[in-house]
Every structure is written in C-alpha cells, then in structure tokens.
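Here is the structure we will look at.
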Amino acid sequence: MRDRHASHGARRAREFEAFVAGAAGRLLHAATLLTAETPDANPRARRLLALSLAHTYASWDRLHGEDPYDRTRQYLATRFAREVWHRYGVLARSRRHPVGTLGGLAPQERLVLVLRLYEGVAEEQAAALLGLPVDRVRTICARATTTLLHPPPAPARPVAAKAAGAEAATP
C-alpha cells in the first residue's frame with residue numbers, strides 16, 4: 001500500500017514539475033505585467049506566481065482532465081484582484097507608483113488587458129472570471145489599449161517651481 005502511494009506521489013510530482021517547466025515563464029511574465037513591476041525586479045509577481053502554483057499543486061489530483069494552465073491563470077488573476085481589493089479598497093485607480101510597462105494603467109485595466117490581449121482569454125470568459133458584464137470588459141480593454149497607445153501628457157511643473165529650480169541652479 002505504501003509503495004502505491006509513494007509511486008502515485010512521485011508520478012504527481014513529475015507531472016507537476018513538467019507543467020511548471022513548460023508554463024512558469026509565461027505565467028511569471030503575466031504576473032509581472034499584472035503587478036506592473038520590471039522584469040528584473042518583480043518580487044510581488046514572483047510571490048503571486050508561487051501562490052498560484054502552490055494552489056494548483058494542492059488541487060492537482062482534482063483537475064480530472066482540466067487544463068492546469070487555465071486553473072493556474074484563473075487563480076493568478078483572482079488572487080491579484082483580491083490583493084488589490086484588500087490593499088486599496090477597490091479595484092480602481094488607487095495604487096502605488098508602479099514602474100513597469102503597464103504602470104500607467106489602473107489594476108483592473110491591467111488585469112483585463114493581460115487576460116484579453118496577452119493570454120488570449122475570450123471576453124465572455126474574462127467577464128465570468130472577474131464577475132463583470134461582457135460589455136464592461138470590452139470597455140475596460142478598449143480604454144486600457146487607448147491609454148497605452150496614447151498616454152496622457154506628463155503634468156507640467158508650475159511656473160514658480162521652474163523659476164525656483166533655475167535660481168537654485170545659478171550660483
């Protein structure tokens with residue numbers, strides 16, 4: 001009996017390791033885009049990925065033919081949304097100052113954009129995952145894409161601040 005459990009555990013570990021070897025890079029990139037961190041300094045994205053992979057491993061025997069990548073991506077997205085909700089109170093515009101490629105977007109915009117454009121999730125699936133109407137997902141994706149293609153201009157410094165900076169520069 002112990003041998004059967006040991007061989008099952010070893011087979012499960014091999015299957016999961018093969019899955020991680022094939023999917024971890026893409027999932028880490030998706031997590032990095034979600035957290036809007038830079039690829040070389042992404043501790044929040046790595047933590048998010050580790051939690052998602054741990055959740056997938058814990059439910060590995062219950063997948064029953066379900067795609068483990070989809071399960072991990074779903075958990076990654078919902079975990080990100082939950083963390084943002086708890087950190088800021090809403091999945092809206094309040095956020096730290098992210099510096100990554102998608103740093104100018106709100107967390108919800110990043111989430112929809114990553115799911116729709118990077119991961120290729122259908123609008124209906126993204127809407128069901130996020131608990132939003134399909135039209136709302138479409139609107140958020142369009143707004144985020146427009147923001148990326150046409151970023152808002154940087155705020156201008158007040159004239160008084162420019163003059164103070166110029167006086168400080170002259171000896």
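Values quoted throughout were computed directly from the atomic coordinates according to the rules given, and no laboratory measurement underlies them. Note that the structure is a prediction, hence the values are computed from the model and not measured. Methodologically, a virtual Cβ is constructed for each residue, glycine included, from the backbone with ideal geometry; neighbour enumeration extends over all protein chains shown.
Based solely on C-alpha atoms, express the radius of gyration and the Dmax of segment 22-90 in angstrom.
Taking only Cα atoms of segment 22-90, I get Rg and Dmax of 12.3, 37 Å.
Using a 10 Å cut-off on Cβ atoms, rank the peptides 55-63, 110-118, 138-146 from the highest mean neighbour count down.
Put in order of decreasing packing, that is 110-118, 138-146, 55-63.
Counting other C-beta atoms within 10 Å, and keeping those with at most 12, which DSSP coil GluC sites (Glu not before Pro) do you find in segment 1-69?
Glu66
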